[in-house]
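Take a look at the structure set out below.
Readers should treat all values here as calculations from the given coordinates under stated rules, not as data from a laboratory. All of these numbers come straight from a predicted model, not from anything done at the bench. Here the Cβ is made from the backbone with ideal geometry for all residues, glycine too, and neighbour counts use every protein chain on show.
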Amino acid sequence: MTVASEKAEAIQDDTLISIRGAKKYFPVHGGWLRKKIGEVRAVDDITFDIKKGETFGLVGESGSGKSSIARLILRAYDLTEGEILFRRSNGSIVDITSLGDREMREIRREMQMIFQDPYSSLNPRMTILDLVGEPLTIHGVGSPSEIEDRVAELLRLVGLRPEYVSRYPHAFSGGQRQRIGIARALALNPSFIAADEAVSALDVSVAAQNINLLQDLQEQLGLTYLFITHDLGMVEHISDRIGVMYLGRLMEVGPTEEMFSNPLHPYTEALLAAVPQPDPRGNRERKRVALKGEIADAMNIPTGCPFHPRCPYADSKCKAEVPALRSVAGGRQVRCHYAESLDLTGVAAQ
Amino acid sequence: MTQTNNPLPPERLLQLDDVNVHFPMREGLVKAVNGVSYHINRGEVLGIVGESGSGKSVTARSIMRLQPKQALDAGGSIRFRRKSGEEVLISSEDRQSRTMRDLRGNEIGMIFQEPMTALSPVHTIGTQIMRTVMLHRNVSKADARARAIELLTKVQMPRPNDIVDRYPHHLSGGMRQRAMIALALACDPTLLIADEPTTALDVTTEAQILHLLKSLQQELGMAIVFITHNFGVVADIADRVAVMYLGRVVETGTVDEIFYEPKHPYTQALLRSIPKLGGQKARRLKTISGTVPDPFNVPPGCSFHPRCMRAVGGICNVTTPPEVRFPNGQISRCHFAEEFRSEAAE
Ligand SMILES: Nc1ncnc2c1ncn2[C@@H]1O[C@H](COP(=O)(O)OP(=O)(O)O)[C@@H](O)[C@H]1O
Ligand SMILES: Nc1ncnc2c1ncn2[C@@H]1O[C@H](COP(=O)(O)OP(=O)(O)O)[C@@H](O)[C@H]1O
Ligand code: SF4
Ligand code: SF4
Ligand SMILES: [Mg+2]
Ligand SMILES: [Mg+2]
């Protein structure tokens, strides 16, 4: 197993995953001969750490590269450049980008994903026993009767009745199907779960139940989450720290409360201002300047700061120079030339 | 109950009284719309909010007479005041009647979550708007094209002179949404029915579209029935709100009444379960127990009773609650609504 010892020194004690200089470029083909005509920089020079036991939230408009990051961590995609260090449950540190298939198979037991669509992500022809037990069978963990016991235990853990094992997914509501997906993800005792828009398709009342479940499981099992969503109220509720993405880049990283009450990046300010709140008087009083324009074409990323065509504070320097992601006080990072001098508005805790 | 015999008050644009739409299915009868009553006045924005499956879309399609083939009209009346001032009983019209074809597009516009349900992929944006204009107005092709460009400008489409000759697949999601709005507004409707038009959009584009709809509504004075499952969106755009649950309107009131003095336990519980941005951080979200029952097994009495914290055995599970009307006009369908009078939602 590749133990990157010199890297191991660089990874902090409280870090589970360290993503360093990660790039993922997709070639774009077009024309008659399907020649390569360009590339999409889905993930462009991303660096951040996910700490053990925390929930790290990723937000940003669609197409900003959130799902690609989750897929890179789980090695569903191979990196174009960079490295992703993972602290295994046995304490060793591995660079998952350099692992062979056999080693990666081992690591996958420790990292799982839960998906947005509880309808299409479960095979309709498999019973709940088969669905939840499948990861155990694939990894050859336990006899059939042991697997049955484990599935019953997992169902109880996610608040479903173990008697349901012989039913098919169609007999369950959307929220219950998602719990089945969660039970399946937990089967092999992972330390890390990436939840990509996991509650986005659920109704308000059901989403709240499942969010509570995810938080309870985190507490009981010591899980670490990467929580991807476009719902800023939800991400604020669940995340310890948040990363804001735009066009494949991280614009800002920091602790949730500080970031949302006092954003340092104009894009974070714009996202927060755009959210309509369940508070009609507040909406009327808040000055809600709608962000102009749309996210740029991922094949033609603007020069300088990628946000400059939409940024109300942009000047000539922003058009010419790419700002670096810099560390600022309070464990925060920001990618804006003027982070210190701008006085941005967040959402105040009432 | 039904006041079909009294004429509509002068300010009234649309009124539904005790509307029922059923779907006969192998598993049983789905009462998708189970006695829905709501109204909208000229120039007003009515928000319809509720979880999925509560009957919001089936009701809207029923107003347009565009229900699925299997749908059964099972009673009630839908009345609409035309531009001429005359009242039509929409509920007795057929899908393809002359009146309905004239109303759709000319007096009532509709927009959807997915723009491609309204836009044709094989015609340019301009052609589609021109067709609608020429169908309802006696205008030349050149005038219709000028109108198309005017409408694209009105919906703040970038480069309208260029976009008019483009096909929908050339446009981004937000621009398609604008094109669909332009099409719906082609003949200056007095009523726009918007069914989850911002649900698939990013918050930034959603904010732009909400802003656009509000300014168009004020400029053109049209009324909007705005359907959504998102309480933030409804708080932002609506003047009045109707909350739906399992095929019924459980509460109606002004937007401030619904958000600050809800008088139905379902509305109260839903509002408590939404994490508010910048709100006080609680570790756990408040929830409503259980899930929305499947439509074949709607609970008797008050259909919310199995999930209601205030349910009283022997009453709530037996008798359908009446509409309790408050002096301010707020209506709650709950046996105990009177007792919540002074309770504000925390
Ligand atoms: N498999 C792929 N092939 C080509 N392009 C892709 C692929 N996956 C994602 N992309 C592109 O990468 C960019 C980021 O996508 P994604 O990570 O899905 O963003 P998000 O999850 O934030 O919406 C988008 O422009 C998307 O079109
Ligand atoms: N074509 C159909 N056939 C059978 N049932 C339907 C059909 N369309 C809608 N329904 C049912 O009617 C109910 C209300 O649906 P709908 O109006 O689409 O809900 P909403 O828009 O509030 O999410 C649901 O239970 C749904 O399953
Ligand atoms: S670098 Fe310039 S354009 Fe970019 S966010 Fe900062 S102020 Fe705006
Ligand atoms: S009628 Fe009874 S069950 Fe229904 S909302 Fe009121 S208290 Fe709850
Ligand atoms: Mg995604
Ligand atoms: Mg609907």
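Here are some notes:
- Averaged over B:197-206, number of beta-carbon atoms from partner chains that fall within 10 Å: 6
- Extension gain for B:Arg82 to B:Phe296 (0.36 nm times residue separation, less C-alpha to C-alpha distance): 73.3 nm.
- Alpha-carbon centroid distance for the pair the range B:92-156 / the range B:298-315, whole angstrom: 45
- Ordering A:Pro306, A:Leu291, A:Gly330 by the projection of their Cα atoms onto the charge dipole of the range A:280-350, which places +1 on the Cβ of Lys and Arg and -1 on the Cβ of Asp and Glu, puts A:Leu291 at the extreme positive end.
- All alpha carbon pair distances within the range B:87-149 were sorted into 10 Å bins beginning at 0; the resulting P(r) in whole percents reads 19, 42, 32, 7.
- Taking chain B as the region of interest, the number of lysine pairs whose Cα atoms are within less than 20 Å, with members eight or more places apart or on different chains, is 7.
- The mean of 1/r over all distinct Cα pairs in chain B, once inverted, gives the Kirkwood hydrodynamic radius of 21.3 Å.
- Placing unit charges on the Cβ atoms of the charged side chains and taking the dipole of the range B:104-150 about its Cα centre, the candidate lying farthest along the positive direction among B:Ser120, B:His136, B:Asn106 is B:His136.
- Spin-label pair B:Leu135-B:Gln96: with each label point 7 Å from Cα along the Cα-Cβ axis, the two points sit 1.4 nm from one another.
- Student exercise, the protein assembly as shown dipole from Lys, Arg, Asp, Glu Cβ charges, in Debye to nearest 20: 1560
- Nearest 10 degrees, 0 to 90: helix B:141-154 Cα axis against chain B principal axis: 50
- Angle of helix B:203-220 to the longest C-alpha principal axis of chain B, folded into 0 to 90 degrees and rounded to 10: 70°.
- Fraction of C-alpha pairs exceeding 19 angstrom in the range B:1-82: 39 percent, rounded to a whole number.
- Viscosity 0.890 mPa s, 25 °C: Kirkwood-radius Stokes-Einstein D of the range B:162-299 over Cα pairs, µm²/s: 141
- From the C-alpha gyration tensor of the protein assembly as shown, square roots of 5λ in Å: 44, 33, 24
- Summing charges over neighbours of B:Phe304, with a neighbour being any other residue whose Cβ is under 10 Å away from its Cβ, gives +4 when K and R count +1 and D and E count -1.
- Chain A - Debye-derived log10 I(q)/I(0), Cα point model, q = 0.10, 0.13 Å⁻¹: -0.67, -1.09
- In the protein assembly as shown, helices alone account for a calculated mean residue ellipticity at 222 nm of -9000 deg cm²/dmol, with every DSSP H run of four or more residues adding -39,500 (n - 2.57).
- Peptide B:265-274, shielding by other chains (average Cβ, 10 Å cutoff): 3
- Distance between the pseudo-spin-label points of A:Val141 and A:Ala290 (7 Å out from Cα toward the beta carbon): 4.9 nm.
- Rounded to the nearest 20 debye, the dipole magnitude of chain A is 880 debye, with +1 charges on Lys and Arg beta carbons, -1 on Asp and Glu beta carbons, and the Cα centre as origin.
- A cut-off under 12 angstrom between Cβ atoms defines the neighbours of B:His136, and their net charge, with Lys, Arg +1 and Asp, Glu -1, is +3.
- Remark: mean inter-chain Cβ contacts per residue of B:283-295 equal 5, using a 10 Å Cβ-Cβ cutoff to other protein chain atoms.
- The label point for B:Ser172 and the one for A:Ala320, both projected 7 Å from the Cα toward the Cβ, are 2.7 nm apart.
- Scattering from the range B:1-153 was approximated by placing one identical point on each alpha carbon and applying the Debye formula without solvent; log10 I(q)/I(0) at 0.09, 0.10, 0.19 1/Å stands at -0.35, -0.44, -1.28.
- Most mobile listed residue (A:Pro276, A:Pro162, A:Pro302) in chain A, GNM with C-alpha springs under 10 Å: A:Pro276
- Amide H contacts of B:Ala223: B:Gly43, B:Glu44, B:Leu191, B:Leu192, each under 5 Å away and 5 or more positions distant or on a separate chain (H built 1.01 Å from N in the peptide plane; Pro and chain starts excluded).
- Dmax and Rg, reported as Rg then Dmax, of the range A:5-99 (C-alpha, Å): 15.4, 53
- For A:Gly142, net neighbour charge (Lys/Arg +1, Asp/Glu -1) across residues whose Cβ lies under 13 Å away: -4
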